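Inspection log for the structure reproduced underneath, given as structure tokens.
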Amino acid sequence: DVIGQVLPEATTTAFEYEDEDGDRITVRSDEEMKAMLSYYYSTVMEQQVNGQLIEPLQIFPRACKPPGERNIHGLKVNTRAGPSQHSSPAVSDALPSNSLKKSSAELKKILANGQMNEQDIRYRDTLGHGNGGTVYKAYHVPSGKILAVKVILLDITLELQKQIMSELEILYKCDSSYIIGFYGAFFVENRISICTEFMDGGSLDVYRKIPEHVLGRIAVAVVKGLTYLWSLKILHRDVKPSNMLVNTRGQVKLCDFGVSTQLVNSIAKTYVGTNAYMAPERISGEQYGIHSDVWSLGISFMEIQKNQGSLMPLQLLQCIVDEDSPVLPVGEFSEPFVHFITQCMRKQPKERPAPEELMGHPFIVQFNDGNAAVVSMWVCRALEERRSQQGPP
Ligand code: ATP
Ligand code: MG
């Protein structure tokens, strides 16, 4: 419509817009149009949050070549996507991340060429401390990108360092919109730095009670992220609100999953390895499986909604083993949500929903519409609120 008003004579079958890196993205279908609008919407939100002037979205027409002149030699090009762009059908949803994917891909290329090292990284703010590690917001000089770098002190042999590095290789293969992007890792003396995508909304543990229509969309992404990991035979092993990250684009991604047994073991030797999100069978030292991740999923979302700061004191953990699972107060939450949590937190691991049952649960089905704008708007508003409470810098 817009192009028609300016160039009434043109036959336009496609147009282009520029992403944040100035790369031209072509729009040919409704699907691509949706992605463009979501991209623009999140840019506007970002500009609003940063107090900048809102810039209009510029589009550029792409006129058709006159018929008859095209492909005079009858050449055929295979336009099918390359193999393993998405290794699982669970991750094929289009998220408004055209440009994000592109820059991540560029960054991955740079990093895969062995250019990732301490000299190229400028550490900025501390994002938080966890069990054994500190996460920094950092600037990667060659690519000009912001990263999140987790630094963990590990006094281990060179042999074990090598083992960890090779176990982390699988992270390069993780390609899902619901899993944090991995850019590389390196050891310097007795510490490992793990570089990942920076999420400007931070983790879910710092948000107050989340409206259910937002929480539902977050839960959908978390379930899809877990399903993706499970499809690669990876158990997360540390599902909790602080390992669920959000950004102002409305994306939700999982981080800190246990791909490297050696890394998990090395950290566990130095730090206490129990937390309040662990399934009862794990606390009592029984076998860990997908079902144990499902428990942690349930208790995480219960915790987010009850949000009373830190969860149960450690001595209460034994209650989880010995007594009935905690339940959410009825009346305060919707029936599908309470049912979802209750099912995930069944004491018997086998009674908890299997991956396909999680995806088919009414609470998940209800919010599985790919509406990233809902989460985006909520994250932007929450960040704005946080900023205004903190006052001027
Ligand atoms: P644990 O060590 O048991 O996983 P944790 O998740 O609280 O506990 P860290 O993983 O060290 O601790 O993370 C510390 C904090 O850093 C998190 O709570 C989160 O807010 C922030 N953080 C981690 N990764 C990122 C990221 N990629 N982007 C933005 N913030 C992040
Ligand atoms: Mg973490």
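Where a number appears in this text, it was derived from the coordinates with a stated rule and is not lab data. Here the structure is a predicted model, which is why all the values come from computation and not from measurement. When we count neighbours, we look across all protein chains shown, and the Cβ atoms used for this are built from the backbone with ideal geometry, even at glycine.
Observations on the model:
- Cβ-based exposure ranking for V264, V6, V239, in which fewest neighbours within 10 Å come first: V6, V264, V239
- For the residue pairs K224/K306; K34/K145; K137/K209; K162/K233; K145/K209; K34/K306, alpha carbon separations beyond 30 Å are given by K145/K209; K34/K306.
- In plain terms, if you count all Cα to Cα distances in region 142-187 and split them into 5 Å steps from zero, the share in each step is 5, 17, 23, 24, 18, 10, 4 percent.
- Size check on region 169-281: the Cα extents along the three principal axes, sorted descending, read 45, 33, 28 Å.
- What the Kirkwood sum gives for region 173-222 is a hydrodynamic radius of 13.5 Å, with every pair of different alpha carbons counted.
- Top positive-direction residue, dipole computed over region 345-393 with Cβ charges, set I364, Q389, V379: Q389
- Region 255-305 shape via C-alpha gyration tensor axes, a/c threshold 1.5: prolate
- Least to most buried among H140, H339 (fewest other Cβ within 10 Å first): H339, H140
- Cα-only radius of gyration and Dmax that characterise region 1-65, units Å: 13.2, 42
- Summing charges over neighbours of Y136, with a neighbour being any other residue whose Cβ is under 10 Å away from its Cβ, gives +3 when K and R count +1 and D and E count -1.
- Residues whose placed amide H lies under 5 Å from that of L147, excluding near-sequence neighbours: A138, Y139, H140
- 3J(HN,Hα) along region 338-354, derived from phi through the Karplus expression 6.51 cos²θ - 1.76 cosθ + 1.60 where θ = phi - 60°, amounts to 4, 5, 4, 5, 4, 5, 5, 9, 5, 4, 7, x, 5, 7, 6, x, 6 Hz, with x in place of Gly and Pro.
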